[in-house]
Amino acid sequence: MKNLSDLVSGYRALFGTPAFGYRAPGRVNLIGEHTDYNQGFVLPAAINFSCWVAAAPRDDNKLIVHSENFHDTVEAVLNGNYLQRSRRWSDYALGVASVLEKSGYSLPGANLYIRGEIPLGAGLSSSAALEIAVACALLEIAGREVSRVKIAEICQRAENEFVGAHVGIMDQFVSCNGRAGHVLLLDCRTLKHRAVPFPSTVQLVVCNTMVKHEHGDGEYNMRRRECEAGVEKLWRVLPGIQALRDVSLQQLEAHRSRLPEVIYRRCRHVVTENERVPKAAAALESGDIVAVGEMMAESHRSLRDDYQVSCPELDLMVDLARKHEGVYGSRMTGGGFGGCTVNLVDRSATVEFKRHVAMEYHGATGRHPDIFVCDTSDGVERLSLGAAESAARELST
Ligand code: GLA
């Protein structure tokens, strides 16, 4: 309720009365890292840290967006063309508006007030959550009903084409379609998905290394190009393949000599990681958390050594977690190069886990880590602001 009332008060102070709002969650990925843009499998959960947007239509064709986190307002004129990119937080919102307009959804003017509670640059998809909440708000103002799958695709395009980060669909998809009490097994080629129950005895704990990651361009996009280079070379001997999703470990080993060593290692990560995801989902379903934990350990090693997207702080955080009693699994989550680890911790061990890991990580690095005990959450939801709106009105009179 605090988020909701702060959202409404913030909106009121700038724009007057909001019409409605949306809450879109961040995510942690249990396993299946850097597989989404290789048309593979992922197993993320939406979490109870969200981006909140309050909105109302305007009479003109202006889009005015305020970010509470950045204390910043941007203004743009909607005229059916791509808006100006500025390499700031606002690109995520303006990118969504641009792609919507380019896709034929003509948008009327709108005021948007954004309040994010997902730590930024921590690998928990604060940007995808913002995109989804903004897309839902703009579509409602435009009076258009669009499926959740389509909304995820539009937001992925905004990030690919406007922001310039060639991300896959995982983050946007789970922010739309997550389900409380579950993780989502998603096939990123067909977009078929299945909610897999998350055991109630296990706690999801996210440890932030406090090392910020950035993948607007640079290393993330480079990994993607390396995977494409692998597919191109393998395609000459395996003409049926479209993506690394179609390559087995046996095939990769058979044609190893055709690939430069670095490309081979990138491919090996994707191929082995992709094989782990359905197995981890099956293990979770049968209650074999120990097996899930082992696969998480393999995943982390593969990301560290073959894909080379970890960093010393993430490796340390994982090592500290694994030493702790009651921990089933620990690995880096998200794009990498900093950000967070995801941990499966027995509920009875959570408090001690938090205390020890924080202390030891601080002792070794001098950084105070944020450690979040997370719950799984539903995907994006519409907020009726009625109650919060009357409360805020009373406060301001
Ligand atoms: C980022 C991207 C996702 C995915 C992960 C790595 O979070 O946004 O599409 O590629 O990295 O698994």
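Using unit Cβ charges (K, R positive; D, E negative) and no other charged atoms, how large, in debye to the nearest 20, is the dipole of the range 72-137 about its Cα centre?
120
Round to the nearest 10 and give me the degree value, 0 to 90, for the angle of helix 90-102's Cα axis relative to the longest principal axis of the chain.
80
In the range 288-347, carbon and sulfur make up what percent of the accessible area (probe 1.4 Å)?
46
Expressed as an acute angle from 0 to 90° and rounded to the nearest 10, what is the orientation of the C-alpha long axis of helix 126-141 relative to the principal long axis of the chain?
With rounding to tens, the tilt is 40 degrees.
So what's the projected area for the range 326-368, the Cα convex hull averaged over all directions, in nm²?
Spelled out: convex hull of the Cα atoms, projected over all directions, averaged, 3.3 nm².
Hey, what do the phi angles of the range 187-200 turn into as Karplus ³J(HN,Hα) couplings, whole Hz, using 6.51/-1.76/1.60 and θ = phi - 60°, x for Gly and Pro?
After applying 6.51 cos²θ - 1.76 cosθ + 1.60, I find 8, 6, 7, 8, 6, 6, 8, 9, 7, 10, x, 9, x, 6 Hz.
Which number do you get for Rg(Cα) / (2.2 N^0.38 Å) in the range 82-163?
Against the compact-globule rule of thumb, the ratio is 1.02.
So how tilted is helix 148-157 from the main axis of the chain? Cα-based, degrees 0 to 90, rounded to 10.
80
Can you tell me the relative contact order of the chain? Whole percent, Cα pairs under 8 Å, sequence separation 6 or more.
For the chain, the relative contact order is 24 percent.
Taking a threshold of 27 Å on the Cα-Cα distance, which of the pairs Lys192/Lys212; Lys2/Lys102; Lys62/Lys150; Lys192/Lys279; Lys2/Lys192; Lys192/Lys233 fall above it?
Correct reply: Lys192/Lys212; Lys2/Lys102; Lys2/Lys192; Lys192/Lys233.
Limiting things to C-alpha atoms, what are the Rg and the maximum Cα-Cα separation (Dmax) for the range 127-235, in angstroms?
Just the Cα atoms of the range 127-235 yield Rg and Dmax of 16.4, 47 Å.
Ranked highest first by average number of other Cβ atoms within 10 Å, how do 361-372, 118-129, 76-87 line up?
118-129, 361-372, 76-87
Quote the Stokes-Einstein diffusion coefficient, in whole µm² s⁻¹, for the range 1-159, based on the Kirkwood radius over alpha carbon pairs, a temperature of 25 °C and a viscosity of 0.890 mPa s.
For these conditions, the coefficient is 154 µm²/s.
Lys2: net charge of surrounding residues, Cβ under 12 Å, Lys/Arg +1, Asp/Glu -1, itself excluded?
-1
Starting from the exponent 0.38 and prefactor 2.2 Å, build the expected Rg for the range 168-226 from its residue count and divide its actual Cα Rg by it.
1.44
Under a no-solvent Debye model with one identical scatterer per Cα of the range 21-63, what's log10 I(q)/I(0) at q = 0.21, 0.35 Å⁻¹?
Here the Debye-derived log intensity ratios amount to -0.74, -1.09.
Suppose we look only past 26 Å in the calculated P(r) of the range 150-294. What percent of the Cα-Cα pairs does that tail hold?
39
Projecting each Cα onto the charge dipole of the chain (Lys/Arg +1, Asp/Glu -1 at the beta carbon, about the Cα centre), which of Ala55, Ser125, Ile31 comes out farthest on the positive side?
Ile31
Throw me the Rg/Rh for the range 276-397, computed over C-alpha atoms with Kirkwood Rh, two decimals.
1.12
Using every alpha carbon pair in the chain, what percent of pairs falls into each 10 Å bin from 0 up to the bin containing the largest distance?
5, 23, 31, 25, 13, 3, 0, 0
With every protein chain present, what is the per residue accessible area of the chain (1.4 Å probe, Å²)?
On a per-residue basis, the chain sits at 40 Å².
Per DSSP helix of 4 or more residues, -39500 (n - 2.57); summed, then divided by the residues of the chain. What does that give at 222 nm, rounded to the nearest 500?
-13500 deg cm²/dmol
Per residue of the range 49-57, what does 6.51 cos²θ - 1.76 cosθ + 1.60 with θ = phi - 60° give for ³J(HN,Hα)? Whole Hz please, x for Gly and Pro, Karplus curve as stated.
Each residue of the range 49-57 in turn: 10, 9, 9, 10, 10, 10, 8, 7, x Hz.
What share of Cα pairs, in percent, lie more than 14 angstrom apart in the range 66-123?
57
To the nearest whole percent, what portion of all C-alpha pairs in the range 234-302 is separated by more than 20 angstrom?
More than 20 Å apart: 36 percent of the Cα pairs in the range 234-302.
If you wrap a convex hull around the C-alpha atoms of the range 214-348 and split its volume per residue, what is the figure in Å³?
Cα-based convex hull of the range 214-348, divided per residue, equals 119 Å³.
The values are calculated or read from the model by the stated rules, or taken from the named source; none is laboratory data. Just so you know, these numbers come straight off a predicted model, no measurement behind them. Note: ideal-geometry Cβ built from the backbone for every residue, glycine included; neighbour counts use all protein chains shown. Side chains included, ligands, DNA and RNA excluded: accessible areas come from the protein's heavy atoms. Shrake-Rupley method; radii C 1.70, N 1.55, O 1.52, S 1.80 Å.
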